[in-house]
1. Running a GNM on the chain with Cα contacts under 10 Å, which residue among 349, 71, 256 ends up with the highest mean-square fluctuation?
2. For the chain, take the longest principal axis of its alpha carbons; what is the angle in degrees between that and the long axis of helix 231-243, to the nearest 10 within 0 to 90?
3. Expressed as an acute angle from 0 to 90° and rounded to the nearest 10, what is the orientation of the C-alpha long axis of helix 423-436 relative to the principal long axis of the chain?
4. Given a Förster radius of 60 Å and the C-beta distance between residue 92 and residue 230 as r, what FRET efficiency does 1/(1 + (r/R0)^6) yield to the nearest 0.05?
5. Return the ratio Rg/(2.2 N^0.38 Å) for the range 156-210, where Rg is computed over Cα atoms only.
6. Order these by the 10 Å Cβ neighbour count, fewest first: 339, 116, 72.
7. Using mean Cβ contacts within 10 Å as the protection proxy, how do 418-431, 154-167, 117-130 order, highest first?
8. Determine by what factor the alpha-carbon radius of gyration of the range 53-180 differs from 2.2 N^0.38 Å, reporting the quotient.
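Just so it is clear, none of the values below were taken in a lab; they were calculated from the coordinates. The structure presented is a predicted model; accordingly, all values stated were derived computationally and were not measured. Virtual Cβ from ideal backbone geometry, glycine too; neighbours counted across all protein chains shown.
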Ligand SMILES: [Zn+2]
């Protein structure tokens, strides 16, 4: 019996490896001479005139992207759809195997042999589980996160530092994941009838805690965050902040170029740790107008309270998830628990089932989570245009972000896969804004 199980385990591992190879084969693309234009000029169609047409202006912006660059970013982004599927299938098969072959029960038995203390048993189980799943997922992860990123020219790290970051992430997962798993297992044991409610509340509080500590304690583990000290850049940004009632005295800069060539900025943290950060790629490659438009967008997230609203949204998702989890776990354990060697709901060996069901839940929810995010991003876009009054800067940013996002998806495609509005729609929104505020540009152009 033992022999057969380890044999099946090996086969499974091979199958997952084949997955990675299949994924590799399906996203072959010619990458020669396919960079996005670094300087995006304002095309004639987007210059202020009496016959300014937002659609023509948008198309003129899109036409600046060389066909090869477009093919490359389309291939990268569409490949991502498949990885969504591969990652999902891989996770489902893996968690199922850990249950089906009794590995979960064995890991629990091992933890119980090491110590009498329940809390410690839970933590040891978590460490075993995390290590096992990380090893199984490694082949696909290393392709997706390292080789593929290099292939598309998006990664800047060599393998050593990349691996170092992975190990740091694993350690954080060990500590933070260990804490939440210990708390949740204790809740299931102490409150067998209402654990799904308390579990949801504790998970939510834990998420808030993580978001709060992230900018100050987690981000610096991977990157260097410094105060931006160049008044040429910070003065217009801080002016924009003051004009919009944001009590910021500093703008932060992160050395994202350590890992990637992607341009981005973000609002992170919660309460006193909330801050606006722009990455060094944006700073290096973006024009002043582009930087201001992106900062306007980030300030939109702040002023429109997106962090708080997202938390309410997540609360709904998590409460629903826990209710479904309880129902599905009772059903699954009644039918298969004994065969899996899982003693019941209070047994930590049921954890792979929690992950299996959670993976299913969030896979199905993908379009809803993306649509929620995309709606907030569109709001921030509008706020950013109104605040910064840099429609051409924002169109330029949309082209640059198109290096890793497909510019012109179909309607359904955007609905399912996009957590930000597509570049095409962002440029259109910018040009629409410009059309309605043409006076501002006619004056400055001296007409
Ligand atoms: Zn945003």
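1. Top of the fluctuation ranking is 71.
2. The two axes meet at around 80 degrees.
3. In the chain, helix 423-436 runs at an angle near 40 degrees to the longest axis.
4. On the way: r = 49 Å, r/R0 = 0.81.
E between residue 92 and residue 230, to the nearest 0.05, is 0.80.
5. Numbers: Rg = 15.8 Å, N = 55, 2.2 N^0.38 = 10.1 Å.
My calculation over the Cα atoms of the range 156-210 gives 1.57.
6. On the way: 339 10, 116 7, 72 24.
Taking fewest neighbouring Cβ atoms as first place, the list is 116, 339, 72.
7. Values: 418-431: 22.7, 154-167: 14.0, 117-130: 18.4.
Per-residue Cβ counts within 10 Å, averaged per peptide and sorted highest first, yield 418-431, 117-130, 154-167.
8. Working: Rg = 21.3 Å, N = 128, 2.2 N^0.38 = 13.9 Å.
Rg over 2.2 N^0.38 Å, computed on Cα atoms: 1.53.
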